[in-house]
Structures are given as structure tokens and as C-alpha cells.
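Down below is the structure, laid out as C-alpha cells.
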Amino acid sequence: MRSVNKVIIIGNLTRDPELKQTQSGQAVATFGIATNREWVTTAQEKKKSTEFHEVVAWARLAEICHQYLRKGKLVYLEGYLKTRSWEGDNGEKRFRTEIVLQDMIMLEKRSGDDHTPEATPQSEPNAAGIDSYPDEGEASTGENMF
């Protein structure tokens, strides 16, 4: 039986994407996404919960995210979960689970257009020759990848 590691999220950016380059010159963008969940309890009380997710995009997709996405923008994201570990300043082992982005669609309306939402796929992982999180080097060894 095969395993599946697939994440699909629609949410709003919590901050503008930050674009950096690894020591080998690979573009990497990081940003946060918030997703909301609403439900009604058996006592008919409305409840709401927000989850925050960290997102990492690589290569051309990182550049596209940096160029077009801004805090508050509604986006559709597809990717997979990756947990990194590193040793903190105090010697403790630290962990962070991130969504490694493989596809992104901007869902917000374009300026001046009140009827048609923007829904253009923005991923180009194979065009850059990168379609996964690097498995070696500085990008997978710790929190500070750069």
C-alpha cells in the first residue's frame, strides 16, 4: 500500500511572502496562511476556530508567490507536509511542520472586476526542475536555511 502526503488549503495570508536564496542560489519564499472553521454545537452555539500554517515555496513558484501574494490575500494551496528539526540555542531539539507548496491559485477578484474571481494556476515546479523540498544541504538541516 502506498502512502499519501497531500495538503489542500484555502485561506488568507497572514504576512507578505519573504523571498530569500539558499547558499546555492535557490529561491525560497516563506509565508503564513490562516484557515477558519465554523460549526454549531448541540446547544446551538456558534463556534469559530482559526489555524495557522507555515508555507514554503521553492524555485520559480517562490518568485511568483513573492511577486503576486500579499498579506490578507485569499489563495488555494496544494502541497505536502514536511517536518524539519534543528537544535535550538539552548540545545533543545526543535521541530517545525510546514506545507511545501506545489501549486497555488489566487482566488481574489482582480482590481476593477466585480464579477470574475482570479483563479489562475501559478505553479511551475517542473519548469525550474524542482518539484520537491531539497533533501540535502542547508535547506533541510535547520530553522535558519540561509
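Points to keep in mind about this one:
- Complete set of residues in the stretch 18-41 that are of a type in the set (S, T, N, Q) and farther than 24 Å from residue 8 by Cβ: 21, 22, 23, 24, 26, 41
- Within the stretch 1-41, considering residues that are of a type in the set (Lys, Arg) and part of a loop (DSSP other than H, G, I, E, B), the one surrounded by the fewest Cβ atoms within 10 Å (Cβ to Cβ): 2
- Picking from residues in the stretch 42-61 that are part of a strand (DSSP E or B) and among the polar types (S, T, N, Q), the one that is surrounded by the fewest Cβ atoms within 10 Å (Cβ to Cβ) is 49.
- A single member of 26, 67, 44 is at pLDDT 95 or above and out of contact with any helix residue (DSSP H, G or I) (no Cβ under 9 Å at 6 or more places or on another chain), and it is 67.
- Of all residues in the stretch 42-58, those that are touching a residue at least 40 places away in the same chain (Cβ under 8 Å) and within 16 Å of residue 8 (Cα to Cα) have Cβ atoms under 9 Å from Cβ atoms of residues that are surrounded by 10 or more Cβ atoms within 10 Å (Cβ to Cβ) and among the acidic types (Asp, Glu), 6 or more apart or on another chain, in 53/98; 54/98; 55/98; 56/98; 57/63.
- Some residue of the stretch 87-95 being more than 19 Å from residue 35 (Cβ to Cβ), at pLDDT below 50 and either in a loop (DSSP other than H, G, I, E, B) or hydrophobic (A, V, I, L, M, F, W, C) (or both): no
The values are calculated or read from the model by the stated rules, or taken from the named source; none is laboratory data. Computed from a predicted structure; not experimentally measured. Cβ coordinates were reconstructed from backbone atoms using ideal geometry, including for glycine residues, and neighbour counts include every protein chain displayed.
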